[in-house]
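Notes to accompany the following structure.
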């Protein structure tokens, strides 16, 4: 099954993915831990990207476990392999593959993924297919984001305008910006019941530059499509210069910055 991943894997996008991972890795590790990943498990990571979720899983399954990360992009798989070597991560392999082309010599104990289901044309069907790779009693766990939940407290107009524009761009491309809020429904549609959920959202302030940078880079990643959809207003027209006014806005209000909420769903097969 092909993905409709809308962001691609350009260098700038890869850097954004790495920063995004830094923001969300803690919430992902918590979700995988409570979902039941433990030492000795064999894990399949779908849409592994630069490898961050695979690395988290590797820490949880330990030296007696194994993690296989797959991604449709050969370039991103090579990056994941290079990072694994640089970080001396053991027990993790990366392969280029689509979901439809996955071949395993035996069922795995868990199938996991982060920010991948929302980019699939038929996520419920993909979950059903992936469940076939999991041994009876094994785990399926996926984490997705709700972009509509991003905000500042108290509300600040420039940040909210940017989030609204990102959401409208996603919607204009047929991707639900609040996808994470219905991931449990997709599990049930795939025949996966007794779904459990957890969530988390990174919070920062004006001096936590990476939080605002992550938000701005998300806007940059969809900017060209937003232009084609007629969603770029004057205040959002220069992504390269957007960070300073955002920082000033948040600092002047002494506001809290909330990035999109990560919702994780899991169940046993």
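When you scan segment 243-256, do you find a residue that is part of a helix (DSSP H, G or I), buried (at least 19 other Cβ atoms within 10 Å of the Cβ) and modelled with pLDDT under 95, even just one? Within segment 243-256 (the criterion being part of a helix (DSSP H, G or I), buried (at least 19 other Cβ atoms within 10 Å of the Cβ) and modelled with pLDDT under 95), the answer is no, since none of the residues qualifies. Can you find a residue in segment 195-210 that is in contact with a helix residue (DSSP H, G or I) (Cβ under 6 Å, 6 or more places away or on another chain), within 22 Å of residue 14 (Cα to Cα) and crowded, with 16+ Cβ neighbours inside 10 Å? Yes, there is a match, as at least one residue in segment 195-210 is in contact with a helix residue (DSSP H, G or I) (Cβ under 6 Å, 6 or more places away or on another chain), within 22 Å of residue 14 (Cα to Cα) and crowded, with 16+ Cβ neighbours inside 10 Å. For segment 23-39, filtered to residues that are in contact (Cβ under 8 Å) with a residue 40 or more places away in the chain and touching a helix residue (DSSP H, G or I) at 6+ places or on another chain (Cβ under 7 Å), the residue that is farthest from residue 212 (Cα to Cα) is 37. Mind checking which residues of segment 57-82 are over 24 Å from residue 132 (Cβ atoms) and touching a helix residue (DSSP H, G or I) at 6+ places or on another chain (Cβ under 8 Å)? Scanning segment 57-82 gives 59, 76, 79, 80. Step by step: first the residues of segment 192-213, then only those that are out of contact with any strand residue (DSSP E or B) (no Cβ under 9 Å at 6 or more places or on another chain) and touching a residue at least 40 places away in the same chain (Cβ under 8 Å), then the one that is nearest to residue 163 (Cα to Cα). Which residue is that? Taking the candidates together, the pick is 213. Selection of segment 232-242 for residues being in a loop (DSSP other than H, G, I, E, B) and either surrounded by 15 or more Cβ atoms within 10 Å (Cβ to Cβ) or at positive phi (or both) yields 232, 242.
The criterion of at least 3 residues that are free of Cβ contacts under 8 Å to residues at least 40 places away in the same chain is met by the following strands (runs of 3 or more DSSP E) wholly inside segment 45-164: 66-71, 92-96.
Of the numbered criteria (1) farther than 24 Å from residue 196 by Cβ; (2) modelled with pLDDT of 95 or more, the one residue 76 fails is (2). If only residues of segment 173-186 that are in contact with a helix residue (DSSP H, G or I) (Cβ under 7 Å, 6 or more places away or on another chain) and part of a helix (DSSP H, G or I) are counted, the one that is surrounded by the most Cβ atoms within 10 Å (Cβ to Cβ) is 186. Within segment 115-124, being within 21 Å of residue 138 (Cβ to Cβ) and touching a helix residue (DSSP H, G or I) at 6+ places or on another chain (Cβ under 6 Å) holds for 117, 120, 123, 124. Within segment 95-114, if we keep just the residues that are within 18 Å of residue 37 (Cβ to Cβ) and touching a helix residue (DSSP H, G or I) at 6+ places or on another chain (Cβ under 9 Å), the residue that is surrounded by the most Cβ atoms within 10 Å (Cβ to Cβ) turns out to be 112.
Of all residues in segment 190-231, which are assigned to a loop (DSSP other than H, G, I, E, B) and closer than 18 Å to residue 147 by Cα?
Within segment 190-231, 201, 202, 231 meet the criteria.
The values are calculated or read from the model by the stated rules, or taken from the named source; none is laboratory data. Only a predicted model underlies this, so the values are computations on that prediction, with no experimental measurement involved. Every residue, glycine as well, gets a Cβ built from its backbone with ideal geometry; the counts of neighbours run over all protein chains shown.
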